[in-house]
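> A single structure is presented below for examination.
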Amino acid sequence: MTDRPSTWVARWAPVIPAGETLDLACGGGRHARLLAALGHPVLAVDRDAASLAQAAGPGITTLQHDLEAEASVWPFAPGRFAGIVVTNYLHRPLFAHLASALAPDGILVYETFAVGNERFGKPSNPAFLLAPGELLDVAARHGLKVLAYEDGIIETPRPARVQRLCAAGPEVDPGAIRLDM
């Protein structure tokens, strides 16, 4: 894996409004560092203590929490986060919680593996691969406005089949979002 942020996250992170941002299943913190560099206070969450030690840094608070544990409780209040970033992680029971924890004017940036990735290697278990259009369905079910969506094959950091979504809370005017790239 690479320590560089995903191109998808790097593209959409600048539209996240000021405020606390969640990097869920943060791994070594590549996106937490990007978000902190953009001036966001970041909460980096992962179940792995070694990953969190790598993610720690200026502007980044870490929290070790296993959201998949049988007795786990979603620890975040509704509307808490201006931005939520999730990459290379899929636990479907969290979708409703993510939408709830997003501020009404917040931005969700999500990117993970999709059906078809099995031809490139792991993950190959269908339980860990998004079905066609699944992220679009999640956004629609939870009242999020889709700003951008992709479903296809990427070549870097390694060949994979992914789905990518950038969605906004209900108070965002999608026409007001500008990408100055």
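We did not get these values from a lab; they are worked out from the coordinates using the rules stated. Nothing here was measured: the structure is a model prediction, and the numbers come from that model. Here Cβ is always computed from backbone atoms with ideal geometry, including for glycine, and neighbour counts include all displayed protein chains.
> Out of the stretch 9-82, which trypsin sites (Lys or Arg not before Pro) are coil in DSSP terms and have no more than 15 other C-beta atoms within 10 Å?
Arg47
> What's the center-to-center distance, using Cα atoms, between the stretch 66-85 and the stretch 104-153 in Å?
If we compute the Cα centre of each part, the gap is 19 Å.
> Now a separate question. Report the normalised scattering of the chain as log10 I(q)/I(0) at q = 0.09, 0.15, 0.16 Å⁻¹, calculated by the Debye formula with identical scatterers on the alpha carbons.
Evaluating at q = 0.09, 0.15, 0.16 Å⁻¹ gives log10 I(q)/I(0) of -0.28, -0.84, -0.97.
> Just flag the GluC sites (Glu not before Pro) in the stretch 94-181 sitting in loop per DSSP whose Cβ has no more than 14 other Cβ atoms within 10 Å.
Glu155, Glu171
> Would you look at the GNM of the chain, springs on alpha carbons closer than 10 Å, and say which of Leu35, Leu108, Leu130 moves the most?
In the Gaussian network model the winner is Leu130.
> Return the calculated 222 nm mean residue ellipticity for the chain, to the nearest 500 deg cm²/dmol, obtained by summing -39500 (n - 2.57) across DSSP H runs with n ≥ 4 and dividing by the residue count.
That calculation yields -5000 deg cm²/dmol at 222 nm.
> Hand me the trypsin sites (Lys or Arg not before Pro) from the stretch 129-166 located in a DSSP loop with no more than 15 other Cβ atoms within 10 Å, in residue order please.
none
> Among Val73, Val146, Val115, which one moves the most in a GNM of the chain with springs linking Cα atoms closer than 10 Å?
Comparing Val73, Val146, Val115 in a Gaussian network model of the chain, the most mobile one is Val73.
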